[in-house]
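The structure appears right after this line, and notes come after that.
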Amino acid sequence: MSALTLTLKSHPAQRVDMSPLTCNKLKDLTLAEIAAITLQNGKAKIRVDELFAISGEDTQNLLIKNSFEKLDFIGKELDGGTMTVEGDVGAYCAIGMKTGAITVNGNAGIFAACEMKKGFLTINGNAGDFLGGALPGNKMGMKGGTVLVKGNAGERVGDHLRRGVILIEGNAGDYCGSRMTAGTIAVMGQVGNHLGYAMRRGTLLLWNQPKIPATFNDCGTHTLAFLPLLFASFKSLNSKFADSAAAFNRVQRFGGDMAEMGRGEVLIKI
Amino acid sequence: MIINGVVIDKTFAEAFPMKATRAIITAQNEKWAMISAQAMTGFATSVIACGCEAGIERTLTPEETPDGRPGVAILIFAMGGKGLAKQLETRAGQCVLTSPTSALFAGIDSDIAIPLGKNLRYFGDGFQISKLIGGKRYWRVPVMDGEFLTEATTGQVNAVGGGNFLVLAQSQPQALAACEAAIEEMRKIPNVIMPFPGGVVRSGSKVGSKYKSLGASTNDAFCPTLKGITKTDLSPDIESVMEIVIDGLSKEDIDKAMRVGMQAVCALGADAGIKRISAGNYGGKLGPFHFHLQEILA
C-alpha cells in the first residue's frame, strides 16, 4: 500500500487546524470520508479535498506535501503510525503525541512537541520557540519521547520539560531548559542567555561552553557513568548524535538553578 | 552404569522450584567488579540459613556490559519472590553501592520486575538523579568517589534449585581434586551457579534431626567416619564424600552442568581414587525436579 498523500493545492491566507488528520483518526476511513473531513481555516471550515489533492491509501503512513508555516497542530495527539511532512509546519506540531513518529522535512513553528507524551519527532530544519514546552499556564511540558532537531531551536527549549529527550544538532536560543522539572536537553551548537532559568531538575548536555548564569554553581570535572549509556541509546538515530566521535563522558558539571530547588545540572563537554 | 571404573548410581538428584534473578556488576576494572561480586554473593551458600543462594555466573567483557566496562554476572536464587527482592536489595546496598567505581545493572528480562536500585536511590538524600534511557530507568546516586549508577529494577524468573551429585572417593584429596575438575567445567555452563564455597560442599545434609529445633542435619549415611555405626550408604573403601550443588534458571541448564561435571569426574576415573557418583534425594517427596544420573550420562 502506498502512503496516504495529501498535497496542498494552494497556500490559504488563514491558518489551518490540521489536528483531524492523524493516522489514528483516519484509520478505517475511506478516501471519500477523509475528503469530507472539515478543517478549521481561520474562521471558516474547509473540506480536506478543497485544500489537498488526495492519493494513496495507507492511513498509517501519512505524507503531507507542499506544507507551509500556517498548517498548525500537525500530528496532534498522534497515537501510532508515521507522518511525514514535506515543507514547513506551523505551531503545535506533535502536541500531545502519544506514540508514533513524525518527520518534518522543513522548519517547525512555535510549541513543537508541546506536552508530547511519547513517540519520536524529527525536525530536519529549525524549530521555533517553546520546543517541547508546556502550554501557557500549564505546569508540565513534554512528558516523554524523543525530539531531534537538525537545525537550530528557538527560545525556551524544554520549558517545564518533565521527561524525555530533546536533541538539537544546531544552536538553541535564550532560556534553554527554563523551568525544567526533569528530562534531558542536548545541544551540540551554542546556547543563548539565561540557560536553565528556574530549572528544578534535569540535565542540559552541552558541547560548547555557554554563559553560565550566576545562579548555577560549579561542581567540578567528572567522568559520569550514565553518559555512555545515553550516547549508546542515540546509536540508531540518523543524526550527528549517533556518531561515536560526538560521544563523551568527561564533563564540567554545574548545579542549579540555585534560585529554584537547584537539583538540575548543566554538563559541558571537556 | 560404570564409566572409567566409576560406578554411577541408579538414583536421582531432587530439586525444587525457586525464584531467581541476574544482576550485572561493572567497575573500573575486572578486579573491582569481581571484589564487589564476591561481596554480594558472600554468605549465600544455602537458603536454609542465608536467605538466598548466590554465586558468580561469569565475567563479562566490556563489550558485553551496558556501560562498556569490565563486569561480572551474578545469579541469586531464593524460595520466593519477596525473599529474593529483600536479599537482592540488601546485598546491592551493602556490597555494590559501597564498592569503589561500581555500577549495577539488570541482567535478565522478565514481566516481573523487582527493585535493584529503585530504593537504594534514597541513599542520595534528595541529590539522586533519575534518567530514563532507552525505556529503562536508571538512578544516579552521588557518592564519595563520584556517582553510583544503577538500573532501577531487574527481572525475576522461575528457576530450579538443589540439583546435585555426590563424589565418593578413596581419599579426601582425591574427592576434592575430582570436584575441582568438575567445577572448572561446570563454570563454563551459562545460567547456573554452584553456591557453596568453591562450588563444593562437604557437609551434605538430610532432612530432619534428632534435635527438634533443627530442620536439617548431617547426612550420616554418607559420613565415612560413621560407616560402622549407622545405616551407611558407603562401601568400606570410601573414605571421603563431597557434593556439588547446582542452581539453574531451568532444568535443562542444570542437566547440562551436571553432565559436564560428572563427565569431568569420570574422566579422572577409578585410577584417581574415584569410586562412585551418587546423588541426594528425599524419595521424590521434596521437589518436583528429578535429575536421574544415569539418564544424564547416557
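Report the residue count in the range B:139-194 for those that are open to solvent by 40 Å² or more (accessible area, probe 1.4 Å), among the hydrophobic types (A, V, I, L, M, F, W, C) and not in a loop (DSSP other than H, G, I, E, B).
Residues meeting the conditions: 2.
Going through A:Leu230, A:Leu237, A:Leu205, A:Leu195 one at a time, which residue ends up being touching a strand residue (DSSP E or B) at 6+ places or on another chain (Cβ under 9 Å), at pLDDT 95 or above and assigned to a helix (DSSP H, G or I)?
Values: A:Leu237 fails: assigned to a helix (DSSP H, G or I); A:Leu205 fails: assigned to a helix (DSSP H, G or I); A:Leu195 fails: assigned to a helix (DSSP H, G or I).
It is A:Leu230.
Quick one: how many residues across the range B:201-224 are surrounded by fewer than 13 Cβ atoms within 10 Å (Cβ to Cβ) and touching a Lys or Arg at 6+ places or on another chain (Cβ under 6 Å)?
Total meeting the criteria: 0.
Taking B:Val241 and the conditions (1) closer than 26 Å to B:Ala181 by Cβ; (2) open to solvent by less than 70 Å² (accessible area, probe 1.4 Å); (3) not in a strand (DSSP E or B), which numbered condition does it fall short on, given that it satisfies the others?
Of the numbered conditions (1) closer than 26 Å to B:Ala181 by Cβ; (2) open to solvent by less than 70 Å² (accessible area, probe 1.4 Å); (3) not in a strand (DSSP E or B), the odd one out for B:Val241 is (3).
B:Phe148: touching a residue at least 40 places away in the same chain (Cβ under 8 Å) and either within 12 Å of chain A (Cβ to nearest Cβ) or more than 22 Å from the chain's Cα centre (by Cα) (or both), yes or no? Please lay out each step first, then the result.
On the way: touching a residue at least 40 places away in the same chain (Cβ under 8 Å): yes; either within 12 Å of chain A (Cβ to nearest Cβ) or more than 22 Å from the chain's Cα centre (by Cα) (or both): yes.
Yes, satisfied.
Which is in contact with a helix residue (DSSP H, G or I) (Cβ under 6 Å, 6 or more places away or on another chain), open to solvent by less than 50 Å² (accessible area, probe 1.4 Å), under 24 Å from B:Arg137 (Cβ atoms) and in contact (Cβ under 8 Å) with a residue 24 or more places away in the chain, of A:Gly133, A:Gly80, A:Gly100? Walk me through how you get there before you give the answer.
Working: A:Gly133 fails: in contact with a helix residue (DSSP H, G or I) (Cβ under 6 Å, 6 or more places away or on another chain); A:Gly100 fails: in contact with a helix residue (DSSP H, G or I) (Cβ under 6 Å, 6 or more places away or on another chain).
Residue meeting the stated conditions: A:Gly80.
I want to confirm something. Restricting to the range A:204-230 and keeping residues that are touching a Leu at 6+ places or on another chain (Cβ under 6 Å) and at the interface with chain B (Cβ under 10 Å from one of its Cβ atoms), which single residue is most open to solvent (accessible area, probe 1.4 Å)?
For the range A:204-230, the residue satisfying everything is A:Ala225.
Condition first: open to solvent by 40 Å² or more (accessible area, probe 1.4 Å), acidic (Asp, Glu) and assigned to a loop (DSSP other than H, G, I, E, B). Can you find one or more residues in the range A:171-183 that meet it?
To start, the set of residues in the range A:171-183 that are open to solvent by 40 Å² or more (accessible area, probe 1.4 Å) comprises A:171, A:174-175, A:179.
Subsequent filtering for residues that are acidic (Asp, Glu) retains A:174.
From what is left, the residues that are assigned to a loop (DSSP other than H, G, I, E, B) are A:174.
Yes: the range A:171-183 contains one or more residues that are open to solvent by 40 Å² or more (accessible area, probe 1.4 Å), acidic (Asp, Glu) and assigned to a loop (DSSP other than H, G, I, E, B).
If I filter the range A:238-249 for residues that are open to solvent by 10 Å² or more (accessible area, probe 1.4 Å) and at the interface with chain B (Cβ under 10 Å from one of its Cβ atoms), do I get at least one hit?
For the range A:238-249, residues open to solvent by 10 Å² or more (accessible area, probe 1.4 Å) and at the interface with chain B (Cβ under 10 Å from one of its Cβ atoms): present.
Of all the residues that make up the range B:96-138, how many are open to solvent by 30 Å² or more (accessible area, probe 1.4 Å), part of a strand (DSSP E or B) and either within 13 Å of another protein chain (Cβ to nearest Cβ) or touching a Cys at 6+ places or on another chain (Cβ under 6 Å) (or both)?
4
The values are calculated or read from the model by the stated rules, or taken from the named source; none is laboratory data. Predicted, not measured: the structure shown is a model, and the values here were computed from it. Positions of Cβ are backbone-derived with ideal geometry, glycine not excepted, and every protein chain shown enters the neighbour counts. With ligands, DNA and RNA removed, areas are computed over all heavy atoms of the protein, side chains included. Shrake-Rupley method; radii C 1.70, N 1.55, O 1.52, S 1.80 Å.
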